[in-house]
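Reading through the structure tokens given below for one structure.
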Amino acid sequence: MVLGETDYKLVRKVSHRFYAGKFSTRDPLPGEQYKELLELQEDMPQVVMHDPDSDLKWWMFNGKFYREDENLSPEEIKALLLMRDKKRRKQIERAQKYLQADEALKTSSTGREPIPEDVKIFVWKRDDGKCTKCGSRENLEFDHIIPLAKGGSNTARNLQLLCAKCNREKGANLA
């Protein structure tokens with residue numbers, strides 16, 4: 001088992017002891033040594049307890065406690081913990097982006113504003129109810145000349161009537 005984060009309690013008196021389940025530090029840590037440990041663990045993981053029977057070690061690093069039983073060096077422990085923290089931050093960032101996208105979908109089912117009815121009526125009359133490319137009067141659709149994704153709008157100047165076939169051929173192109 002490598003670097004399992006765990007809960008520990010620290011009993012403070014004049015001296016300090018660490019407890020983890022049935023394990024505890026054998027000798028109390030005097031106040032000055034405890035202060036020194038707190039300073040050292042900010043830069044490099046420090047062993048606070050060790051069970052020689054199982055090679056289980058408890059480490060303190062950046063105010064948190066970890067346990068491992070692979071006899072790793074302080075540098076290896078630090079590298080693993082920093083890498084784990086970096087992965088965790090990225091995971092949290094991805095989760096936050098997911099939540100933002102999810103909220104955006106909830107507020108808008110299509111993700112875009114509908115074309116106003118008065119604009120649809122104007123474009124229909126202007127284009128004489130037929131495809132502006134081929135003249136067909138079947139399967140007509142409102143097409144954005146400049147797609148919304150490329151900065152277009154729902155104004156009459158940016159809309160035209162196209163049949164489904166001509167609209168598919170045009171795709172997201174500007175022509």
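Can you find a residue that is surrounded by 10 or more Cβ atoms within 10 Å (Cβ to Cβ), modelled with pLDDT of 90 or more and in contact with a helix residue (DSSP H, G or I) (Cβ under 9 Å, 6 or more places away or on another chain) anywhere in the range 168-175?
No: the range 168-175 contains no residue that is surrounded by 10 or more Cβ atoms within 10 Å (Cβ to Cβ), modelled with pLDDT of 90 or more and in contact with a helix residue (DSSP H, G or I) (Cβ under 9 Å, 6 or more places away or on another chain).
So that you can scan it fast, the table gives a plain yes or no per residue for (1) under 30 Å from LEU56 (Cα atoms); (2) at pLDDT 95 or above; (3) assigned by TED's automatic domain parsing to the domain that holds PHE23:
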{"residue": "ASP69", "(1), (2), (3)": "yes, no, yes"}
{"residue": "ALA79", "(1), (2), (3)": "yes, yes, no"}
{"residue": "LYS87", "(1), (2), (3)": "yes, yes, no"}
{"residue": "ALA104", "(1), (2), (3)": "no, no, no"}
{"residue": "LEU148", "(1), (2), (3)": "no, no, no"}
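Are there any pairs, at least 6 apart or on different chains, whose C-beta atoms fall under 9 Å, with the first in the range 31-54 and closer than 15 Å to GLU70 by Cβ and modelled with pLDDT of 95 or more and the second among the aliphatic types (A, V, I, L, M) and assigned to a strand (DSSP E or B), and if so, which?
So the pair list comes out as PRO45/MET60.
Hey, which of the strands (runs of 3 or more DSSP E) in the range 29-111, taking only ones fully inside, have at least 2 residues that are surrounded by 13 or more Cβ atoms within 10 Å (Cβ to Cβ) and under 28 Å from the mean Cα position of the chain (by Cα)? Explain how you work it out, then say what you get.
Values: elements: 46-51, 56-61, 64-68.
It comes to 56-61, 64-68.
Going by the structure shown, is PHE18 aromatic (Phe, Trp, Tyr) and either touching a helix residue (DSSP H, G or I) at 6+ places or on another chain (Cβ under 7 Å) or modelled with pLDDT of 85 or more (or both)? Walk me through it before giving the result.
Working: aromatic (Phe, Trp, Tyr): yes; either touching a helix residue (DSSP H, G or I) at 6+ places or on another chain (Cβ under 7 Å) or modelled with pLDDT of 85 or more (or both): no.
In short, no.
The values are calculated or read from the model by the stated rules, or taken from the named source; none is laboratory data. Quick caveat: nothing in here was measured; it's all calculated off a predicted structure. Neighbour counts run over all protein chains shown; Cβ positions are idealised from the backbone, glycine included.
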